[in-house]
Every structure is written in C-alpha cells, then in structure tokens.
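Chemist: Have a look at the structure that comes next, please.
The values are calculated or read from the model by the stated rules, or taken from the named source; none is laboratory data. Values in this document were obtained by computation on a predicted structure and should not be read as measured data. Cβ coordinates were reconstructed from backbone atoms using ideal geometry, including for glycine residues, and neighbour counts include every protein chain displayed. SASA here: full protein model, heavy atoms, side chains in, ligands and nucleic acids out. Shrake-Rupley method; radii C 1.70, N 1.55, O 1.52, S 1.80 Å.
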Amino acid sequence: MSAASSQHVLLSPAELAYLHASLSLTPPIRPDGRSPTQFRPLIAETGILPGANGSARVCFADGTEAIVGVKAEVEKTVSRSKEDEEVGLLVASAGDMDVDDEEGYAKVGADNRTGEASWVEITVEIPGVRDDDSGMVFLAQLLGEALLADGEFVKKLWINRRYHWKLYIDILLISPPLSYPLPLLSLTTHLALLSTRLPRLKSEGDEDPYFDDDWAVAPYLFPRSSSASKSSKSSPTQPTTRPPITLLVMAVGNNILFDPSKEELAVADVALAVSVTATDVDPDESDAQKETATATAGPDSADAAKRGRKLRLLSIRTIDPPSRLTPPGVPNSTNPAAIYGTTSSSGTNGNGQPQQKVESGKISEPIEPIEGVWRAPRGGAKRLVLGALVQKVLEKGGVVDEVLDALEGVELT
C-alpha cells in the first residue's frame, strides 16, 4: 500500500458534489461541524521516551496518533572550504582579545557559527507503508525544509570549530493515516523539539568537548523565554525562536478552511502546506514600540503584541488533493476525475456516426460539466488565491497564534 493510494476517498460523484456545495456556502458547513478556522481537538504530552533527548506524543480526536523522538550525538565536523578555515582562525583568535577568554570566544563564535543540513536526519514511518515510498520521502522533505529554511536551527547544534551535534528525528505515525498526516507530524515534531535538551558544555574553545553529567542543568534546545538566552549581563538579548509548524489550509470557492479532513481535502480547489515560525522579541522592548506594533497589526493582535511574538513565513508547498490523483489501477481514459481524455476517430457506430476509441497522444475536447456531478479542477491555482491563503495563515491573532498558545500550554517533562 502506498501513501498516495490511502488518501483516496470512496465517495460517489454526487456525494462529492454535495460536499463541495456545502463547503462553498457562507458560512461553510463542514461535515464535523467545525468553524473554518477550528482545529480538531487533540491531546499532547512530552517526555514519553526516557532514553531520548526529547519526545512528544499527539493524538487527534479522530484517533490519528503520532510519536516523535529526538536523539543527539556528538559528531566531528569536517572542514569543507577555505572559508571555513578562515572562520575557524577568527574564532580561535578570540582569546587574544582584551576581554575574558570565555566571553570573547563565545561572542566571536556565536557571530560566525555555521551549520549544514546533514547535521539533521529526519525519518518518517507509517504503518503499512514502505520506508522508501515516495509519500514518506515527501513528508520528510517537507518537515526538513521547514526546519532548515532559515539556517538558524543548525547553528544551535554548533559546539566548536571541530565538533557539532547530530540530531536524529524519528517520526512514527502509530495509527493508519485517516487524514493527510502532515499537520499532525509537524505539531508532534514541534513539541518534541521544544522538550529536547542537550547536555551543558563544560569545555572551552576548540578542545574535545566534555559535558556536565547533571541532566537537571541541561539547557533546552529552544529556551522558553528570551531571558534564558542571555549569556551575560553585558551581552544583548537574543530573540527566542520556536520550532516551525506546518499547517494545511485549503480553499473551496470563496472560503478558506484550516486543518481539512480527508473528505474535505477531496473537493479542495487548492490546498497549501504553509510553514511558519515564531520569534519572541526582546522583552525589554519599550512600551511605545509594543503599542505601535499593536496599532499596526490591529486590535485582534493585542495578545500577540503583549507576548512580543512575530510570525515569519518559511516555506509554501502545494498539496495535490486525492481528487487530482488517478486511483491505483485506473487508466486516465476511464478516470472520472479526469476532464481531458485521449480519443481519436475510428470507424462508425450503428447510426453511422464516427465512433471514438482511446488512443494515446491525442487530447480530446474537455468534457462538458454535468449537473450534480463534481469534477476536480485542472491547472494551477491563481496567485490571488494563494496570496489570500498565506495572508490568512500569517494573520495576527489568528490560527497560528492560537495553535502556538495551545502548544506552549503543554508541560515539558
């Protein structure tokens, strides 16, 4: 069984037409009664795998459940270019500065930290699906793309010029995929990374790293507050970033729906996977700046402005709804989801009219729409529709802020 085939919905054309018409109403009527921006209820917990550096479990109300474990190991860094050597020499010369050696090294090293995508390895497993299935590879690429998009995450794995942390993120979907699993896997990975701790470094400079054995003092990979990221009183406060989250959003007619179910996704005009991250600004920011940000974003973002949260777009990917995919074992010529067939004239029928037969390489005229029968739209999405979807996702005080608030309410263990 492939991941693509598991996404096909066994609904008749009349049922698809009824569902599409219901979702096109104002306001839309969703099969499970949710509002357009409402997520499915979920249960979340962290620290479920004692042998991992970080772990989390998330279960949606429909029974779909996922577990993510994060493990870290020290790996030796291989210098790949002369530019890396120059950066290393600059970092190594930090001890010659007129400041404390440790402070000088930390300052210069932090400014010149670099990382590579190979420092993070993501694997996705779904029951009944081969590990090399294209769907598994696509999901892993989507999650990795969002995590590595801005280049800031790999900098957190930098130890010194000679060593770095290698992260292994193992994602397991426990239950069969009752809906498109990307949002569930993304939220679970977000919580697992929030709960990830790395041993506190005790060595200095480029010497072989050794760490504190006390796990209670191990810092989080993503500290919860900006104050925790201060290395000293003299150093400026660095904004605290959060792991990215990837939301699934679709458009049906003039309506925008978040977290679509498997049936809703089947009649989507366009579906997007939008990855965003949040950054907590300096808590010492003046009240005048916060008031200005609130006035600019609107009254709905008052809570977000108080938190000092800024949303940033990382990546956008289009998702092919199941209706656009040819079911397994069904040729395009007999696929009811296909608008264009491949035909050519050959002979006559009993009434003396030209008879049509299927022949590859020739495209027939579009099939005229039939009342009460919904057919999947063909072609790309309009730019205005894509822009409206992205704008809705990045709306201040909107769905993303609600999801992040809910995730921050999960206790880290």
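Chemist: Examine region 176-188 for a residue that is in contact (Cβ under 8 Å) with a residue 12 or more places away in the chain and within 19 Å of residue 50 (Cα to Cα), and state whether such a residue exists.
Modeler: Within region 176-188, one or more residues are in contact (Cβ under 8 Å) with a residue 12 or more places away in the chain and within 19 Å of residue 50 (Cα to Cα).
Matching residues to (1) of a type in the set (Val, Ile, Thr); (2) open to solvent by less than 50 Å² (accessible area, probe 1.4 Å):
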{"residue": "137", "(1), (2)": "yes, no"}
{"residue": "141", "(1), (2)": "no, no"}
{"residue": "153", "(1), (2)": "no, yes"}
{"residue": "161", "(1), (2)": "no, no"}
{"residue": "188", "(1), (2)": "yes, yes"}
{"residue": "209", "(1), (2)": "no, yes"}
{"residue": "223", "(1), (2)": "no, yes"}
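Chemist: A further question follows. In region 139-186, which residues are in contact with a helix residue (DSSP H, G or I) (Cβ under 6 Å, 6 or more places away or on another chain), closer than 30 Å to residue 206 by Cα and not in a loop (DSSP other than H, G, I, E, B)?
Modeler: 148, 154, 157, 164, 165, 166
Chemist: Restricted to region 106-121, and to residues that are of a type outside the set (Gly, Ala, Ser) and modelled with pLDDT under 50, which residue is least open to solvent (accessible area, probe 1.4 Å)?
Modeler: Within region 106-121, the match that is least open to solvent (accessible area, probe 1.4 Å) is 108.
Chemist: Can we say residue 183 is within 14 Å of the chain's Cα centre (by Cα) and crowded, with 19+ Cβ neighbours inside 10 Å? I'd like the intermediate steps shown before the answer.
Modeler: Details: within 14 Å of the chain's Cα centre (by Cα): yes; crowded, with 19+ Cβ neighbours inside 10 Å: yes.
Considered against the rule, which asks whether it is within 14 Å of the chain's Cα centre (by Cα) and crowded, with 19+ Cβ neighbours inside 10 Å, residue 183 comes out as yes.
Chemist: Cβ-Cβ below 7 Å, separation at least six or inter-chain, first residue in region 393-413 and among the basic types (Lys, Arg), second open to solvent by 40 Å² or more (accessible area, probe 1.4 Å) and not in a loop (DSSP other than H, G, I, E, B): which pairs?
Modeler: 396/297; 396/300
Chemist: Note down all Cβ pairs under 8 Å where the first residue falls in region 241-257 and is small (Gly, Ala, Ser), the second is open to solvent by less than 20 Å² (accessible area, probe 1.4 Å) and part of a loop (DSSP other than H, G, I, E, B), and they're at least six residues apart or on different chains.
Modeler: Once the first residue is small (Gly, Ala, Ser) and sits in region 241-257, its partners that are open to solvent by less than 20 Å² (accessible area, probe 1.4 Å) and part of a loop (DSSP other than H, G, I, E, B) give 251/268.
Chemist: Looking at this structure, is residue 130 closer than 26 Å to residue 65 by Cα, of a type in the set (Lys, Arg), over 16 Å from the mean Cα position of the chain (by Cα) and crowded, with 16+ Cβ neighbours inside 10 Å?
Modeler: No: the conditions fail for residue 130.
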